[in-house]
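Encoded as structure tokens, the structure appears first; notes follow it.
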Amino acid sequence: VYLAVPDRERTFKYRNAVAARLGGEAAGIISFTGGLVSEATKAALLKGRLTLSRSVATIVVDNLIYDLSVILIMFGGAVMMLLTIDGLDTAVQIVLGFIALLMVLGLLGMFLAAFYRFKPMTYLLKHYGEKSWMPKFISRRRHSVNELENSVFDFYENRRATFFAMIAVNFIAHALSVVEVLFILRRLG
């Protein structure tokens, strides 16, 4: 969260970002709604330090970068299992191949969205915002949603070094998780 906020708008300390992250994750764990409450709690904990629109944009950027790293890790894991484990059952091979295909499609979709600046929520609100089934409180936020999606693209276009630093931090966290699981499995025999 800390790195996703532009330097000129960062009026809080790193410990505040850590508190928002931990508070949000804790709220997500104890609540039956999980991620929904988690992300709202993070935004609430950053209130007073960031504008609501900036805190939401920051959380969206942070989550998208995390999701990208998860897609890459899952793709790598599926391919590694297909290539290194001998004697896999055909059904397992099909599932792993399907997972790898889904990850490639996800990466391709993210790449194309970034390349063409495709804004899915703005598109949906433009085409379906006036439908009777669309809640009015959502359709009235069309401009805010467009600004949010623009800020995500602006982050990628204007802060590439930070983007790659955040990807690296996520990969380090994933690597530590793998080492932790390996350690525990070895201790269990």
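May I ask you to list the residues in the stretch 39-54 that are part of a loop (DSSP other than H, G, I, E, B) and open to solvent by 30 Å² or more (accessible area, probe 1.4 Å)? Quick ask: steps written out before the conclusion?
Let us first name the residues in the stretch 39-54 that are part of a loop (DSSP other than H, G, I, E, B), namely 46, 48-49, 51.
Result: Gly48, Arg49, Thr51.
Residues that are outside any loop (DSSP other than H, G, I, E, B), touching a residue at least 12 places away in the same chain (Cβ under 8 Å) and within 30 Å of Val5 (Cα to Cα): does the stretch 92-99 have at least one?
Taking the stretch 92-99 first, the residues outside any loop (DSSP other than H, G, I, E, B) are 92-99.
Next cut, touching a residue at least 12 places away in the same chain (Cβ under 8 Å) only: 96-97, 99.
Those still in the list that are within 30 Å of Val5 (Cα to Cα) too: none.
No - not one qualifying residue is present in the stretch 92-99.
Yes/no matrix, rows are residues, columns are (1) under 18 Å from Leu68 (Cα atoms); (2) basic (Lys, Arg):
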{"position": "Ala113", "(1), (2)": "yes, no"}
{"position": "Met121", "(1), (2)": "no, no"}
{"position": "Glu130", "(1), (2)": "no, no"}
{"position": "Arg140", "(1), (2)": "no, yes"}
{"position": "Val152", "(1), (2)": "yes, no"}
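Could you list, in sequence order, all residues of the stretch 1-28 that are in contact with a Lys or Arg (Cβ under 8 Å, 6 or more places away or on another chain) and in a helix (DSSP H, G or I)? Please lay out each step first, then the result.
Going residue by residue through the stretch 1-28, those that are in contact with a Lys or Arg (Cβ under 8 Å, 6 or more places away or on another chain) are 1-2, 5-6, 9, 11-12, 16, 20-21, 23-24.
Listed by number, the residues that qualify are Glu9, Asn16, Ala20, Arg21, Gly23, Gly24.
Could you give every pair whose Cβ atoms fall below 8 Å, whose first residue belongs to the stretch 162-175 and is hydroxyl-bearing (Ser, Thr, Tyr), and whose second residue is open to solvent by less than 30 Å² (accessible area, probe 1.4 Å), counting only separations of at least 6 or pairs across chains?
Thr162/Ala4; Thr162/Phe155
Within the stretch 68-86, can one find any residue that is in contact with a helix residue (DSSP H, G or I) (Cβ under 7 Å, 6 or more places away or on another chain) and of a type in the set (Asp, Glu)? Step through it out loud before you land on a result.
Our first condition is that a residue be in contact with a helix residue (DSSP H, G or I) (Cβ under 7 Å, 6 or more places away or on another chain); within the stretch 68-86, this holds for 68-69, 71, 73-75, 78-79, 81-82.
With of a type in the set (Asp, Glu) added as a condition, the list becomes none.
The answer is no, given that none of the residues of the stretch 68-86 is in contact with a helix residue (DSSP H, G or I) (Cβ under 7 Å, 6 or more places away or on another chain) and of a type in the set (Asp, Glu).
Run down Met103, Met81 and say which single residue is within 27 Å of Asn150 (Cα to Cα), aliphatic (A, V, I, L, M) and surrounded by 13 or more Cβ atoms within 10 Å (Cβ to Cβ).
Met103 is the lone residue from the list that is within 27 Å of Asn150 (Cα to Cα), aliphatic (A, V, I, L, M) and surrounded by 13 or more Cβ atoms within 10 Å (Cβ to Cβ).
Looking at Leu68, Leu36, Leu64, Leu72, which one is in contact (Cβ under 8 Å) with a residue 12 or more places away in the chain, outside any loop (DSSP other than H, G, I, E, B), within 23 Å of Asn150 (Cα to Cα) and open to solvent by 50 Å² or more (accessible area, probe 1.4 Å)?
Numbers: Leu68 fails: open to solvent by 50 Å² or more (accessible area, probe 1.4 Å); Leu36 fails: in contact (Cβ under 8 Å) with a residue 12 or more places away in the chain; Leu72 fails: within 23 Å of Asn150 (Cα to Cα).
Unique residue meeting the criteria: Leu64.
Quick one: what pairs do we get from the stretch 1-26, first residue open to solvent by 50 Å² or more (accessible area, probe 1.4 Å), second of a type in the set (D, E, K, R) and part of a helix (DSSP H, G or I), C-beta under 8 Å, 6+ apart or different chains?
Correct list of pairs: Glu9/Arg54; Arg21/Lys42.
The values are calculated or read from the model by the stated rules, or taken from the named source; none is laboratory data. None of these values were measured; they are calculated from a predicted model. Ideal geometry is used to build each Cβ from the backbone, glycine not excepted, and the neighbour counts take in all protein chains shown. Just so you know, the surface numbers come from the protein's heavy atoms only, side chains and all, with ligands and any DNA or RNA stripped out. Shrake-Rupley method; radii C 1.70, N 1.55, O 1.52, S 1.80 Å.
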